[in-house]
1. For every helix of n ≥ 4 consecutive DSSP H residues, a contribution of -39,500 (n - 2.57) applies; sum these over the chain, divide by its total residues, and give [θ] at 222 nm rounded to the nearest 500 deg cm²/dmol.
2. How much length, in nm to one decimal, is gained on full extension between Lys160 and Lys78, taken as 0.36 nm per residue of separation minus their Cα-Cα distance?
3. Cα gyration tensor of segment 15-114, axes a ≥ b ≥ c as square roots of the eigenvalues: rounded (a/c below 1.5), prolate (a/b > b/c) or oblate?
4. Using the basic label-point model (7 angstrom from Cα toward the beta carbon), what is the Thr109 to Cys127 distance in nanometres?
5. Sticking with the crude label model, points 7 Å out along Cα→Cβ, report the distance from Arg200 to Ile150 in nm, one decimal please.
6. Test of understanding: ordering Thr109, Thr158, Thr147 by Cβ neighbours within 10 Å, fewest first, what list do you get?
7. Answer rounded, prolate or oblate for segment 122-207, using the Cα gyration tensor with square roots of eigenvalues a ≥ b ≥ c: rounded when a/c is under 1.5, else prolate when a/b is larger than b/c, else oblate.
8. Could you pull out every residue, at least 5 positions away or on a different chain, whose amide H is within less than 5 Å of the one on Thr185? Hs are placed 1.01 Å off N in the peptide plane, and Pro or chain starts have none.
Amino acid sequence: MKIVLLGAPGAGKGSQAVKIVEHYKIPHISTGDAFRDNIARGTQIGVYAKSFMDKGQLVPDDVVVKIVAERLSKDDCKRGFLLDGFPRTINQAVELDKITGIDVALNLTADPEIVMKRLTGRRSCKCGALYHIATYDKETCEKCGGTLYIRDDDKPETIKKRLDIYAQTIDPILEFYEAKGVLITLNGDRTVAEVFEDVRRILDDID
Ligand code: AMP
């Protein structure tokens, strides 16, 4: 099961990704997580990526594609994988297609106002768990006990920039997957459980 998860920042990709990989036992490949991990470890890639991420800009394609290509070459991706936050440009989609085809591109739509509320109240854990201050008021993760943090790029002005870039880059990617007959669009303005019910129905059909 080879899945690509598309959607604006805050559309709920991360929350669905956690549920999908738990249910279908496939590796979760999040390019954003990969960069944050590199930043935490102080690698050269991390330092380079941070200079773009902090401004809400995309990291250049060659760096992102290399990371994804390396990860997809690992044995655990043979059965399938979930790509979260990749591709973000049409060039990345074309490069991915040279490496492997995919079974489905799930596109989560979301109202910009809802997205802004989700992202400004988001609290993240390094284990990948996500919380919102409206429904979770603790400072530590209930899964791993880690201290929750606000992502550097979850500041209102950076969020705006990320949303603008998304709007400018997504159409050709959607057209690319539509032409391949693998695009499925879902309304992401619902609870995580409601969206996942749809996601499961779709993925069960493919499996
Ligand atoms: P995310 O966690 O997916 O929201 O990604 C956080 C940030 O990492 C993005 O705003 C970009 O700066 C960078 N990033 C993640 N994935 C990509 C990608 N596929 N292409 C370019 N930049 C990316």
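1. Only helices count here, giving -15500 deg cm²/dmol.
2. So the extension gain works out to 25.8 nm.
3. Cα axes put segment 15-114 in the rounded bin.
4. 3.5 nm
5. In this crude label model, Arg200 to Ile150 measures out at 3.5 nm.
6. Arranged by neighbour count, lowest to highest, Thr109, Thr158, Thr147 become Thr147, Thr109, Thr158.
7. It comes out oblate by the Cα gyration axes.
8. Placed amide hydrogens put Asn107 under 5 Å from Thr185.
We did not get these values from a lab; they are worked out from the coordinates using the rules stated. Here the structure is a predicted model, which means the values were calculated and not measured. Reconstructed Cβ throughout: ideal geometry from the backbone, glycine too, with neighbour counts over all protein chains shown.
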